[in-house]
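The values are calculated or read from the model by the stated rules, or taken from the named source; none is laboratory data. Everything numeric here is computed off the predicted structure, so don't read it as measured data. Positions of Cβ are backbone-derived with ideal geometry, glycine not excepted, and every protein chain shown enters the neighbour counts. For accessibility, only protein heavy atoms count, side chains too; no ligands or nucleic acids. Shrake-Rupley method; radii C 1.70, N 1.55, O 1.52, S 1.80 Å.
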Amino acid sequence: MAEIAEFTRHLGHYLPPPDVALVERAFEFSESAHRGQFRKSGEPYITHPLAVASILSEWQLDAEGLAAALLHDVMEDTSVTRTELESTFGKPVAAMVDGLSKLDQIEFATREDAQAESFRKMLLAMARDVRVILIKLADRLHNMRTLDAMAPTHRKRIARETIDIYVPIANRLGLNALFLELQDLSFKHLYPLRYRILAHAIKTARGNRREVMNRLLEVIREGFARAGIAAVVTGREKTVYSVYKKMREKHYTFSQVFDIYGVRVLVADKSMCYAALGVLHELYKPIPGKFKDYIAIPKANGYQSLHTTLFGPFGTPLEAQLRTHDMHRVAEAGVAAHWLYKSGGQLDLAEAQRETHRWLQSLLEIQSESRDSKEFLEHVKGDLFPDEIYLFTPKGKIMALPRGATAVDFAYGVHTDIGHHCVAARINYELLPLRTELKNGDHVEILTSPTARPNPSWLSFVATGKARSRIRHYLKGLQQKESAALGERLLNQALATLKVEPEAITWDRWEALQKEYGSKTQLDILADIGLGKRLSFVVAQALTRPAGKNDEPASPATGATKTALTLRGVEGVAIQYAKCCRPVPGDAIIGQFRKGQGLIVHSRECATLRKQRLDGSELVDVEWAPDVQGVFDCGVRVLVADRRGLLADLATSIGDADANIDTVSMERADGGGDVAMFFGVQVRDRRHLANVMRALRRIPDVHRVQRART
C-alpha cells in the first residue's frame, strides 16, 4: 500500500529506525489479522487503524503508542489474544490494546450497561497510561469523519455518544483542534439540516467580510510594528457548532453572532503577551468586564492565553486571544504536547501534566468507591464539564471546579477529611451555608468540626464526581456498620436460642463460614443478616454445625425459647419504622425483614402487614427497651368546627404538650362547617401521644380526636 510507505516515511522524521521497524511489524500483523474484513464503506479494514495511527503521528506519539493504534481492533474483531500480543510486541502495547477493546465477551442486560462498562474500562486504562485515550480519541475522530457510510439511526447514536463523552474528554485534556472537529462532526450528524443551512450561511458571510478582516489584521500588525513587538497575527474562524451554540445560548440571530471578528496574536514570551495587550487596548477600546487572564490562572487542562473583547471598527466587537508560541502548541495539542515537543526542551508542561495526572488518579479513586459502571460513569461525566470557575484558598492557592460547584465540592477538593467534617464556609469573609454555589474568583475557607459527618442531602447539590463518590462511599460504610451491629444482635439471640454463647464460636468457624458464603469478612456476614439478606438462625446453625458436616444441624435443645429483639430507640438505616402504621414505644410491635433494607418495625395490628401474607422466616419478634431514646413520627386526626385562629390554637396546644409538629393538612367536609385536620407529630412514646390528644380535646371547637395510623 502506498499509504504505509508515506506513513513510515513521515515517522522517520522523528523516530529512530528500530522504532519505525516496530511500527511496521505492527502494521503487518494487523493487516494479516484483518485480512478479508471490510468497513461499511467497502474499504479494506486495515485502512482504519492506519488512518488512526496517521492522526497520532501528527502529535508525534511514540512507537509503542502507534503500534497499539495499529493493533487496537485485533483483540475485538479477530481471534488474536492478549498473550499473543504480549509475546510479539511487549506488555505495554498489549495493555493499551486491551484497554481499548470493548467487553463483547460479557453479556449485559442493556446497551447502556455495556457502554458504561466499556467506558469504565477505557478510562481506567487511560488513568494508567494516557496514550490509551489519545488512541481512542483518534479512533473516534476517524470514525466520525467516515460516518456517512453508517445507517442514519447509528449515525445519530454515535454522534450523541461523541458529543456527550468524547468531546468533553478531548476538552479536559486540552486537545483543542480535535475537540472542535469532533463538535462540528457530531453536530453535522445530529442535526444535518441545521448544519447545512449554517455551514452555507458561514461560507457566504466569510466572503462578504474578507475585506474588513484583512484591513483589521493590517491595522493590528502596523500597531505592533510601531511598538517594536514581533507578533504573528491571524484571523480566527468560527466553527459551525460554535455559531450554533452561541445562537442557542444567547438567543442571538446569525448576523449578531457573525458580526463578531476574532484575531489570534502569537508572541515570543509571557511579558510580550501583556505588552501586546496594551497595544491592542490603545488601538481599540476594551469592553469592560470582557477581559480574562488565563496566563496567571491557567485552565485545568493547561490552557493559557489572554482574552479580551474590543470595540472594533464600525462598532463591531473584536475578540482577541494573545499567547506565546509554546502556549499555542499546548492549546492545540494539550496533553499530547508532552510527546509533540518533549525533544525541544523549551516547553514547560510540568503544571499541565501534574493537573492531568491528578485528574486521572482521581478516576482510580472514584472507581474504587463506585458500586457499578453506571455510577462510575455518572461521577466522571460530572467532572467533564468544560465550563470552570477558579477559586482561592485561604493561602492563595487557586482551585478549579466546574460551574455550579458548592462549598462542599470545594471542601472535598481540598481533602476528603475536610469534606467529611465540614460544617460551614466563609466565602469572601462572610459566613454562609455549605450548599452555597460558588462564583468565579471567590475566596473560600471551610470550617470543620471533629463531630461533623457527611449528610445524605449533600448528594442533591454537589457538582463534582469526587465529592459525590466520597459521600456515597462514606454513607455505604455507615450503613454497613449499622447493619452489622443489628446483625450481631440478631445472631446473638439466635445463638441464645441454641444455648450457645457467642464467645464459644471460634475464629476457624467464622473463616470457614466466610469461605462457604463467599464473604470477605465477618462484618459482611453480619451486615447481610442486618439487611435481611441472610437469616440469623440459619447463620447460627451453620456456626454451631460440627466441623466437616454440611448436613442440616440438630434442632434447638428442648425447652429453648426464642427471645425478642430489644429496640432502644430511633436506630438508623438498619432499623426503620413503618410509615403505614407509625409505631411508637408502648405499641405492640413486630419486625419484618426486607431484603436490602434491613428490619422494618410494624405495629402488630398493622393492616398493611397482614395483607402481605408473610411466612415466619421474614418476621422477627421485637419489643421496646424500658429506656427508649428519641422521638417517633405519629399522626393525629382532628375533626373541628372551623373558625378564625383555630389552627393557631391547635398548634399551641400541641406545643404546650411538648410535641413537635412535622406536617399539617386539612380537608373540608362538603356542605358543612366542620374541617378534618391531620397533624404529623413527633412524640416520645404512647403516653406522650395520649397527653397530646388530651390537650387537643380541651379545645371547645374540637369534636373528635383520634390517632391516625396512616
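Each Lys or Arg adds one and each Asp or Glu takes one away; over the other residues whose Cβ falls under 11 Å from the Cβ of Tyr244, this sums to +4.
Model label sites at Ser665 and Thr566, defined 7 Å from Cα along the beta-carbon direction, differ in position by 3.8 nm. One chain, two ends: Lys91 and Ile287. Fully extended at 0.36 nm per residue, the span grows by 65.0 nm beyond their Cα-Cα distance. A straight chain from Ser32 to Ala199 at 0.36 nm per residue would run longer than the Cα-Cα distance by 56.0 nm.
For Ala177 and Ser41, what does the FRET efficiency come to when R0 = 30 Å and r is the distance between their Cβ atoms, rounded to the nearest 0.05? It comes out at approximately 0.80. Normalised by residue count, the stretch 640-710 yields a Cα convex hull volume of 87 Å³ per residue. Note on the stretch 429-519: Cα Rg divided by 2.2 N^0.38 Å, N the number of residues, gives 1.77.
Remark: the Cα gyration tensor places the stretch 131-274 in the oblate category, a/c being 1.5 or greater and a/b not exceeding b/c.
For the set Ser603, Ser449, the ranking by accessible area, highest first and with no ligand, DNA or RNA atoms included, is Ser449, Ser603 under a 1.4 Å probe. Charge tally around Lys203: other residues with Cβ under 13 Å, Lys/Arg +1 each, Asp/Glu -1 each, net +4.
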